[in-house]
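Everything on this sheet refers to the single structure shown next.
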Amino acid sequence: MVSAILATAGAAFAPVDQHYLFQARQMQALSLAVHIPLVCFGIAFPSLVLFAEWRFLRTGDPLFRTLARRWSKVMLALFAVGVVTGTILSLELGLLWPGFMAAFGNVFGLGFVLEGISFFVEAIFIAMYFAGYVVAGFLLASAYAWRFLRGSPDRYERAALTIALSAAAVAAPVQIVIGDWAAREVAKAQPVKLAAMEGLARTTPGAPVHVLGWFDGDQVVYGIEIPRLLSLLAFHNASATVQGLDSVPPAERPPVNVVRFAFQTMVGIGTLLAVLSAVYLFVRFRHKRLPTSRWFYRAVLTAGPLSVVALIAGWITTEVGRQPWVVYGVMRTSAAVTGAYGIPIGYGTLILVYLLLAGALVWTLRRLAAAPLDAAAAPALATARLAPSESRESSHAR
């Protein structure tokens with residue numbers, strides 16, 4: 001009786017004849033790439049709005065009340081789009097990956113419950129994740145950096161940039177520490193992913209790190225080798241043995257160069273953001289003002305989009321590095337995918353939906369940006385409409 005039940009269950013979860021596995025993965029990837037940056041705003045934006053509101057209550061300055069009100073409208077627009085994209089993700093998990101949901105739905109369902117709770121958590125302005133602050137902070141700061149580069153930023157714009165950039169600058173160095181912890185967890189739980197991230201072909205004691213370069217199937221070529229660094233970073237022991245790609249058959253290895261490129265992109269951008277944050281914090285605490293160099297504001301303008309690139313690159317590292325498993329070592333992605341046809345039609349429809357959502361969001365944000373400031377805050381905003389260089393000269397005069 002038991003054997004018959006096991007045989008039936010095995011047949012139910014057996015791999016299906018699916019000609020559109022790649023398209024199904026691309027659909028899921030597209031949805032995640034759209035949704036993840038919105039999640040970052042959902043995590044970080046409530047705290048920024050709350051801080052602006054707290055500043056108004058503490059100082060009575062109407063500028064901060066205006067900032068909190070305008071940001072709250074932007075937050076609501078982003079939150080609404082995030083609800084739509086999150087709902088699409090939930091549907092895709094059931095429609096595209098029925099084998100996965102059937103086998104692990106009881107476990108994965110807990111994640112949906114937590115996600116539902118997180119919506120309420122976001123709604124009451126409580127958030128604690130550092131990567132969300134990096135992305136939301138730098139993206140928001142880049143919008144105001146553009147106004148600085150155009151000249152004559154007013155007090156409202158300087159206050160907005162200060163709050164957003166301060167949040168990002170504090171979170172960026174912390175993210176490096178968290179990344180180090182995450183890499184050590186990967187070394188323990190998913191060693192083949194780590195091997196792909198570093199292009200380590202063979203299990204090696206005292207394994208090196210290769211900066212840049214290309215994995216040719218046997219080793220990393222044209223890279224800069226730093227001896228023993230991988231062992232040191234992964235296990236805090238320069239002589240530790242790091243498991244290589246040779247520890248599993250070729251069919252169980254992820255696409256190495258995709259994972260390597262994504263990982264090094266994430267690390268490179270993260271390092272640049274940390275350096276930019278250090279410059280900002282140094283000037284802010286040492287000189288009690290914003291930086292005055294136009295190059296700094298050009299860097300902030302670039303940092304916003306780059307933070308999103310780093311976020312997506314980190315997600316690619318995580319997801320592609322786990323392949324060919326949807327549940328590491330337990331279920332392959334090919335066993336989780338649906339056997340239904342019509343995936344290309346759904347893919348095209350999904351792209352159209354996201355284009356319409358993007359258009360609606362851009363239209364809404366432009367309307368909000370063009371709306372006049374509160375009349376009560378206008379006198380306060382008119383007191384300081386100076387370019388960065390003029391602001392420095394003014395502060396020196398005082």
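Structural remarks
- Looking at G10, G60, just one residue is over 16 Å from A160 (Cα atoms), over 24 Å from the mean Cα position of the chain (by Cα) and modelled with pLDDT of 80 or more, and that residue is G60.
- Complete set of residues in region 142-177 that are among the small types (G, A, S) and over 21 Å from P62 (Cα atoms): S142, A143, A145, G151, A167, A168, A169, A171, A172
- Region 239-265 - residue that is in contact (Cβ under 8 Å) with a residue 60 or more places away in the chain and part of a helix (DSSP H, G or I) and, of those, nearest to V326 (Cα to Cα): E252
- Of all residues making up region 95-104, the number that are part of a helix (DSSP H, G or I) and either open to solvent by less than 20 Å² (accessible area, probe 1.4 Å) or within 12 Å of Q28 (Cβ to Cβ) (or both): 4
- Restricting attention to region 202-222, the residues that are of a type in the set (G, A, S), modelled with pLDDT of 85 or more and either within 30 Å of the chain's Cα centre (by Cα) or not in a loop (DSSP other than H, G, I, E, B) (or both) total 2.
- Any hit, region 304-316, residues being touching a residue at least 60 places away in the same chain (Cβ under 8 Å) and either acidic (D, E) or in contact with a Phe, Trp or Tyr (Cβ under 7 Å, 6 or more places away or on another chain) (or both): yes
- Residue check, W54 free of Cβ contacts under 8 Å to residues at least 24 places away in the same chain and either surrounded by fewer than 18 Cβ atoms within 10 Å (Cβ to Cβ) or under 22 Å from A159 (Cα atoms) (or both): yes
- Residue check for A238: crowded, with 18+ Cβ neighbours inside 10 Å, in contact with a Ser or Thr (Cβ under 6 Å, 6 or more places away or on another chain) and not charged (D, E, K, R): no
- Qualifying residue in region 207-220 (condition: touching a Ser or Thr at 6+ places or on another chain (Cβ under 6 Å) and not basic (K, R)): yes
- Verdict on E185 being closer than 30 Å to D246 by Cα and open to solvent by less than 30 Å² (accessible area, probe 1.4 Å): no
- The residues of region 223-236 that are over 19 Å from V192 (Cα atoms) and either of a type in the set (F, W, Y) or over 29 Å from the mean Cα position of the chain (by Cα) (or both) amount to a single one, P227.
Conditions tested, residue by residue: (1) out of contact with any helix residue (DSSP H, G or I) (no Cβ under 9 Å at 6 or more places or on another chain); (2) buried (at least 18 other Cβ atoms within 10 Å of the Cβ).
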| site | (1), (2) |
| --- | --- |
| Q175 | no, yes |
| G179 | no, no |
| A189 | yes, no |
| T203 | no, no |
| V211 | no, no |
| D218 | yes, no |
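- A335 fulfils the conditions (1) open to solvent by 40 Å² or more (accessible area, probe 1.4 Å); (2) more than 20 Å from the chain's Cα centre (by Cα); (3) not basic (K, R) except for a single criterion, (1).
- Residue in region 252-261 that is under 30 Å from R298 (Cα atoms), within 20 Å of the chain's Cα centre (by Cα) and open to solvent by less than 70 Å² (accessible area, probe 1.4 Å) present: yes
- Any chance L30 is of a type outside the set (V, I, T), without any contact (Cβ under 8 Å) to a residue 60 or more places away in the chain, open to solvent by 10 Å² or more (accessible area, probe 1.4 Å) and closer than 30 Å to A336 by Cα: no
- Of all the residues in region 316-341, those that are farther than 13 Å from A24 by Cα and in a loop (DSSP other than H, G, I, E, B) number 7.
- Selection count where residues are within 30 Å of L194 (Cα to Cα), more than 14 Å from the chain's Cα centre (by Cα) and either crowded, with 18+ Cβ neighbours inside 10 Å or without any contact (Cβ under 8 Å) to a residue 40 or more places away in the chain (or both), scope region 132-172: 1
- Considering (1) within 27 Å of the chain's Cα centre (by Cα); (2) of a type in the set (G, A, S); (3) open to solvent by 20 Å² or more (accessible area, probe 1.4 Å), the lone condition that S277 does not fulfil carries the number (3).
- Some residue of region 77-92 being within 19 Å of T333 (Cα to Cα), among the polar types (S, T, N, Q), modelled with pLDDT of 75 or more and open to solvent by 20 Å² or more (accessible area, probe 1.4 Å): yes
The values are calculated or read from the model by the stated rules, or taken from the named source; none is laboratory data. Model, not experiment: these values are computed from the prediction. With ideal geometry, Cβ positions are generated from the backbone for all residues, glycine too; neighbour counts draw on all protein chains shown. Note: accessible area is taken over every heavy atom of the protein model, side chains too, but ligands, DNA and RNA are not part of it. Shrake-Rupley method; radii C 1.70, N 1.55, O 1.52, S 1.80 Å.
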